[in-house]
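A quick write-up on the structure given underneath.
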Amino acid sequence: MAVGKNKKLTKGGKKKGSKKIIDPFSKKEWYDVIAPGFVTNRNFCKTIATKSSGLKIATDNLKGRVFEANLADITDSGEQGHRKMKFVVEEVNERDCLTNFHSLSLTRDKLCSMVRKWQTLIDAMCKAKTTDGYELRMFMIAFTKKAPNQVKKTCYATTQHVKKIRRKMIDTMTREITSNTLKDLLSKKIIPDTIPKEIQHECHFIYPLQDIHVRKIKVIRRPPYEPARLLEMHQSSVPRGAGAAAGSGMEGAGAVTIGGAEPPVLSSV
């Protein structure tokens, strides 16, 4: 069609109006991620989510998110830098995401640095349930070492030694898991690293061991969600001055409320 015959048709086609540019972060909100009460620095990171609009609720987008933190950062202990802990969001209260334990593992560089020649690697795995209903799968790793005044270059353990040591490791892990709640297990056994010391003491007469670590902990099955259980998990189990000195942001054992009118009391903003 020739240009000019149709008044609605111009050279170059129909011009579209320029689309209005909107900053995507104007529709977002920032939330604080709160770790359970068995760590020192509880407010350890932030996350972002789209604001609630219509049938899309922001809390539904936040629940189930998993966050990873180095144990040295959340416990103020430089000796824990080789372990990582993951937390999963279970409840959102105002602008706070209340998390629960998800998993624990060793860092890649720590795991590679322990594997050497001329020694035997012994690993063990057990699955057990805590007293509050969490089913855990725990993995342990250990290495043989030379006896005092040993001249021989290698320190390989026989198959019978490995079986006896593995049985001791499984029995110890099962006993500790089944006799504690999840919070007590993490705060009194895992973070202080007392289980490897017990295994080293019990296996000393079988074969000398070194570099004994809880390699991984995974939550296989959780009990039905209850707000009261999550509140109990978020009650502080560390000294009162430790969290304030580290700038944790949470003030007391009862600072976290779910569904209440009063938000958590923050010591600093």
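Of note:
- With Cα atoms as the point set, the radius of gyration and Dmax of region 68-211 evaluate to 17.4, 64 Å.
- Taken over region 112-184, lysine pairs spaced eight or more positions apart, or on distinct chains, with alpha carbons under 16 Å apart number 7.
- Cleavage-rule hits, chymotrypsin sites (Phe, Trp or Tyr not before Pro), region 79-127, DSSP coil, Cβ neighbours within 10 Å at most 12: W118
- Measuring with a 1.4 angstrom probe and ignoring ligands and nucleic acids, E198 comes out at about 50 Å² accessible.
- Relative counts (whole %) of C-alpha pair distances in region 47-103, using bins that are 10 Å wide: 22, 40, 26, 10, 2
- M173 accessible area, 1.4 Å probe, all protein chains in place, Å² to nearest 10: 0 Å²
- Stretch gain in nm, segment I220-R167, where the contour uses 0.36 nm per residue and the Cα spacing is subtracted: 16.9 nm
- Filtered trypsin sites (Lys or Arg not before Pro), region 48-80: DSSP coil and at most 12 other beta carbons within 10 Å: K51
- Near K152: Cβ cut-off under 13 Å, other residues only, Lys/Arg at +1 and Asp/Glu at -1. The net charge is +3.
- Our estimate of slack between L55 and D123, defined as 0.36 nm per intervening residue step minus the Cα-Cα distance, is 19.6 nm.
- Averaging the sequence gap over all C-alpha pairs within less than 8 Å and six or more residues apart, then dividing by the number of residues, gives region 81-231 a relative contact order of 29 percent.
- Length gained when the stretch E202-E68 is fully extended (0.36 nm per residue, less Cα-Cα span): 44.9 nm
- Label separation (D193 vs R116): 1.7 nm, computed from points 7 Å beyond Cα along the C-beta direction.
The values are calculated or read from the model by the stated rules, or taken from the named source; none is laboratory data. Keep in mind it's a predicted model, so treat the numbers as computed, not measured. Cβ coordinates were reconstructed from backbone atoms using ideal geometry, including for glycine residues, and neighbour counts include every protein chain displayed. Remember, those area values only see protein heavy atoms, side chains included, never the ligands or the DNA or RNA. Shrake-Rupley method; radii C 1.70, N 1.55, O 1.52, S 1.80 Å.
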